[in-house]
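Student: Pasting a structure below so you can have a look.
Since every read-out is calculated from the coordinates, none of them should be taken as a lab result. None of these values were measured; they are calculated from a predicted model. Note that each Cβ is placed from the backbone with ideal geometry, even for glycine, and that neighbours are counted across all protein chains shown.
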Amino acid sequence: MREFPFFCVISRRIFGHMMASMSKKDILLLRIREHGKLSTAEQLQLTMLLSVPAILAQVSTILMFYIDDAMVGSLGAQASASIGLIATTTWLFWSIISCVATGFSVQVAHRVGANDLAGARDVFRQSMLSALVLSLVTMAVGALISDPLPRWLGGDATINGDASLYFLIFVLGAPFAMMDMLASSMLRCAGNIKVPSWANVLMCVLDVVFNFFLIFPSRTINCQLSAINFQLYLPGADLGVAGAALGTLTAEALIASYLLWYAVVRCPELRLIQSRGSFIPQRATLRKATDIAGPIFLQRVLMNMAQITITVIVAPLGAVAIAANALGVTAESLCYMPGYGIGEAATTLVGQSFGAGRRRLTERFAWMTTLLGIGVMTVMGAVMYMAAPLMMASLTPDEAVRQLGTECLRIEAWAEPGFAASIVAMSCFVGTGDTRRPALLNLLSMWGVRVTLAALLAPHYGLHGVWLGMAIELTFRGFIFLVRLWRGRWMKKKD
């Protein structure tokens, strides 16, 4: 370059301008891809830069469900029970959608980490058609079983109608949910966590607004501003439980459209504008996606079947127990959703470090994110123990449901550290494509410990026994995942 000093000066200025326009997060991620050195402080800083927006998104998501449940809960225990009855089945269908996104997005993380942006775009392009086809199949299957599903779950005739309608509307939104999940996962694995996180917050706001008008009837409320009294007319569709499902579907459709547009047009690592390639999935891409997502899919199906089994165990305990169980799960989610947010950051950091071939950095990010998750969720568990009465009171006016839910939350609070370890460690394993053994460990824990204890304890201790079994199982699961993280076999190169 001595012969061309002018071009050297110009190139340095251009590179310097590019670096100045990049955020601190982008600069640190670029160092991973280019095998630059990151100090411990910079690793922690990058972990926090990715974790905080992801935590915000996860908390806002559960707040959306929290507010949904509170709005429906204001209609009475029967309305809450109708959603609670089919909650585990909706989780099953949601798991199918998220597995598809994971199978392709982890490949994107590896390619971005290896600085193969053209390969990352190819995977993203091919994932779209696969996701659309699978979402349509999921929607069709869900629609077919929506009517008999509440009866299969042992629901009472008084709640089965609302439960069926809620589930039908939920599955009709499967294509939007799939595109929302796919675009969000792709952006996160490419290193852009901020956009999908803020989009998720906006979706929650829209959901609350739509629900406000769809769930309740038209009404007039008396208002006072200083010395002026006036009446405010609020239109409403009076759709009850169905209105909650429609509000969520509408908000999800709008945000999915935005995120897909952003990934295709704006994201530097993913944008497909002026980039040629086929949308038809290649065999190698599909095989890799299946290898990553297949075990997770099987695990989630069997774990959701376990959740459904527990719902069947709870159902004979009555509408109060069903409602308290469903609302208790929603309330507890405020504590463990930060763990899932940190887990998303872990998948990005571990995935890109692994793709770059940096084993030591991969291990350091894994432990850093796991310990951060344990710390945050331990604090959240303590908050949940103290605030349990207030959390349940905000979800339902029914005193019996509130009391039972409070007692169950205080049992569960002790399991939050173990739950955190399993959440974040699993995300680290997913980041390297190691999903088979962790999936087996999850199934062993869920079926061998939680379901067994629920079946044994429920007849004697009611819902308290079910939640005690849950707390024991989550602690056990966290322990075995920490052991696997420590042994390091999850970092072996996957073919």
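Student: What ranking of T378, T406 emerges when the number of other C-beta atoms within 10 Å of each C-beta is taken as an exposure proxy, fewest first?
Tutor: T378, T406
Student: To continue, here is another question. Would you kindly state how much longer the chain becomes between T158 and W261 on full extension, computed as 0.36 nm times their sequence separation minus their alpha carbon distance, in nm to one decimal?
Tutor: Length gained between T158 and W261: 32.8 nm.
Student: Between R287 and F212, take the C-beta separation as r, use R0 = 30 Å, and let me know the FRET efficiency to the nearest 0.05.
Tutor: 0.05
Student: Same structure again: Just going by the charge dipole of the chain, with Lys and Arg at +1 and Asp and Glu at -1 on Cβ, which of G142, A315, L187 is farthest out on the positive end?
Tutor: About the Cα centre, the residue reaching furthest to the positive side is L187.
Student: Between the range 448-484 and the range 191-244, how many Å separate their Cα centres?
Tutor: First find each Cα centre; the distance between them is then 38 Å.
Student: Along Cα→Cβ, 7 Å out, is where each label goes; now give me the distance between the ones at A227 and L202 in nm to one decimal.
Tutor: Between A227 and L202, the simple spin-label model gives 4.4 nm.
Student: In addition: With only alpha-carbon pairs counted, each pair once and no self-pairs, how large is the Kirkwood hydrodynamic radius of the range 324-479 in angstroms?
Tutor: 16.3 Å
Student: What size of dipole, in debye to the nearest 20, comes out for the range 102-261 about its Cα centre when the only charges are +1 on Lys and Arg C-beta atoms and -1 on Asp and Glu C-beta atoms?
Tutor: In total the dipole reaches around 420 debye.
Student: Among all the aspartates and glutamates, which ones have a C-alpha under 16 Å from K492's C-alpha, if same-chain residues fewer than 8 places away are not counted?
Tutor: Correct list for K492: D291, E363, D434.
Student: Rounding to the nearest 10 and keeping the result within 0 to 90°, find how far the Cα-based axis of helix 359-393 lies from the longest principal axis of the chain.
Tutor: Its long axis makes an angle of about 20 degrees.
Student: Same structure, new question: Taking only the Cα atoms of the chain, how large is their convex hull per residue, in Å³?
Tutor: 174 Å³
Student: Another question, then. What's the FRET efficiency of H460 with V379 using the Cβ-Cβ distance as r and R₀ = 35 Å, to the nearest 0.05?
Tutor: After rounding, the FRET efficiency stands at 0.60.
Student: Further question on the same structure: Can you tell me the 0 to 90 degree angle between the C-alpha axis of helix 463-487 and the longest principal axis of the chain, rounded to 10?
Tutor: The angle comes out at about 10 degrees.
Student: For the range 190-216, list residues with backbone N below 13 Å from a point placed 7 Å from the Cα of S23 toward its Cβ?
Tutor: 190-199
Student: In whole Å, how far is the Cα centre of the range 90-161 from that of the range 291-369?
Tutor: Value for the Cα centre distance between the two parts: 15 Å.
Student: Pop a pseudo-label 7 angstrom from the Cα along the beta-carbon direction at both A140 and R489 and give the gap in nm to one decimal.
Tutor: Going from the A140 label point to the R489 one covers 4.0 nm.
Student: Here's something else I'd like to know. Quick one: which of 446-457, 270-281 comes out on top by average Cβ neighbours within 10 Å, and what's the full order, highest first?
Tutor: In decreasing order of mean packing, 446-457, 270-281 become 446-457, 270-281.
Student: Here is a further query. Which value results when the Cα radius of gyration for the range 427-495 is divided by 2.2 N^0.38 Å?
Tutor: 1.35
Student: What is the order of W152, W490, fewest Cβ neighbours within 10 Å to most?
Tutor: Lowest count first: W152, W490.
Student: Could you name the aspartates and glutamates whose alpha carbon sits less than 14 Å from that of K194, not counting residues in the same chain fewer than 8 places away?
Tutor: Leaving aside aspartates and glutamates fewer than 8 places away in the same chain, those within reach of K194 are D26, E344.
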